[in-house]
1. What's the extension gain from A252 to V111 if we count 0.36 nm per residue and subtract their Cα-Cα distance?
2. Would you mind ranking L235, L415 so that the residue whose beta carbon has the fewest other beta carbons within 10 Å leads the list?
3. Given only helices, namely DSSP H runs of n ≥ 4 each adding -39500 (n - 2.57), what is the per-residue ellipticity at 222 nm of the chain, to the nearest 500 deg cm²/dmol?
4. Quote the charge dipole size of the range 60-218 about the Cα centre in Debye, to the nearest 20; the model charges only the Cβ of Lys and Arg (+1) and of Asp and Glu (-1).
5. What label, among [x] 23, 53, 22, 2; [y] 20, 38, 23, 11, 4, 2, 1, 0; [z] 25, 58, 17, 1, belongs to P(r) over Cα pairs in 20 Å bins from 0, in percent computed from the structure on display?
6. Using the Cα centre of the chain as the reference point, and only Cβ charges (+1 on K/R, -1 on D/E), how large is the resulting charge dipole? Debye, rounded to the nearest 20.
7. Take the Cα of R335, step 7 Å along the line toward its Cβ, and report every residue of the range 381-398 whose backbone nitrogen sits under 19 Å from that point.
8. Residues with beta-carbon under 12 Å from that of M408, excluding M408: net charge, scoring Lys, Arg +1 and Asp, Glu -1?
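Any read-out appearing in this document is the output of simple, stated calculations on the displayed coordinates, not a laboratory observation. None of the values given here were measured: they were computed from a predicted structure. Cβ sites come from the backbone with ideal geometry, for glycine too, and all protein chains shown count toward neighbours.
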Amino acid sequence: MTFRAITAVAAAFAFACIGRCALAQSADGPSPGSTIRVSVLTFGPGDEAWEKFGHNAVRIQIDDSYVPPEYRDIAYNWGYFDFKQKNFYLNFVQGRMRYAMYGDPGEKTMVGYRDQLNRSVFEQELNLTSAQKLALQRKLVLNDMDANRFYSYDYYRDNCSTRVRDAVDEIIGGKLAAMFDGVPSGTTYRFHTRRLIAETPWLYVALQGVLGHPVDKPISQWDEMFLPMKLHDRLNEVKVVIDGKEVPLVKADNSWFVSNRPASPLRPPMTVPWFLGAGIVLAGALVALGRVARRHWAARAGLILLSVPWTALMGLGGTFIVWAWFFTDHRVAGRNENALHVSLLALPLVVLMPMLAMGRRRGAGVARWLTIAIVALSLLGTVLKVLPGFYQVNWDIIALCLPVNAAMAYVAWKLSRAVLAKAADPVPATSGREAVPAVAKPAGGKRRRGEFKG
């Protein structure tokens, strides 16, 4: 049997056990669901890029002899994806990721996060009625079938944590949404993204470049529960009614394992000075090399070595930004102001700047006007920040790109001017003297009377 067939049979068997357990409990006295214990597991951040935001699951434990041991402790989570999935990377860049929900042995899962991943594990037992526990278990078992387990993943609006949030909210009659939906959190999706990935520079720069306006809109405390730890904290604030009495939703909050990892920062780091410093250094190097490139081969080589990677990065990055904005399902990549600073116009400069550095006339004028257009767009993107509609938090990208774009325009202008001037006046001037036409020497080597030396 295939793995999917095995899981389908197991889920069907577990669902049958629920019915058998309920009937047996009704006959023997205890109410259906009274032997079920429900808890929310929250896992701290890890090392991999997809682990930076944490993870969570719903754990169902059943203390009943009618249920086989392997089904008495299951942790259901919605965070499964497969690199071997057909067209995985294409689906990833197009924003069409398919994630799945699976049930795993509960305690084994917790031990794995502790021993193998060194990630914190918190367990919150929920105060639910027997009927609510049984309803939640049935929902999870049905979800753990091939026909129901897959869903279209969204990093912020539909992920492993929002699925746990929605499952719990549905069981308690919408109390989570009633308390937190529409209540300002004072944060944005970008705020949390920046603070949680700041220790991974390449990921920080990549996401700062590709995320657009949608992640800068204020979010509610309900939206903020896309983060497992925020959901953990909000669950502790909720109260429910059990047997006519108002009690906390969380019966017990157990720090099952606390990792020795550094705590996640509470706020994003101040990165603009670092980006500005890098931009100024790179711009200064380009200007210095450009000023002497016509006289020294080493300066020409250095200019090429700096300009080619930069223009390639800007051109390919700008192309990806525009493509992600208009031609993918990544809603968070829409209306991206970085398209004005990371410009696809830089792509031809990958070839034109080395040609210009080597003194080639062909393409010199094009290189000059392309670099002028690029810096003009970057200046426009900076000036537009004074308008209310341009609120994207991208000052670090501006601080890096604007100085370098300006330096590239200066170098291209200076070199193209010299190259085009040389082409227009091919006869080199003598060193400060006027050229004197040569006087033909008379035959025999003797001067005639009346002739003078030149």
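1. 48.8 nm
2. Ordered by Cβ neighbours within 10 Å, fewest first: L235, L415.
3. Calculated at 222 nm, the ellipticity per residue is -15500 deg cm²/dmol.
4. That gives the range 60-218 a dipole magnitude of about 620 debye.
5. [y]
6. 4240
7. Label zone hits: 381-395.
8. +2
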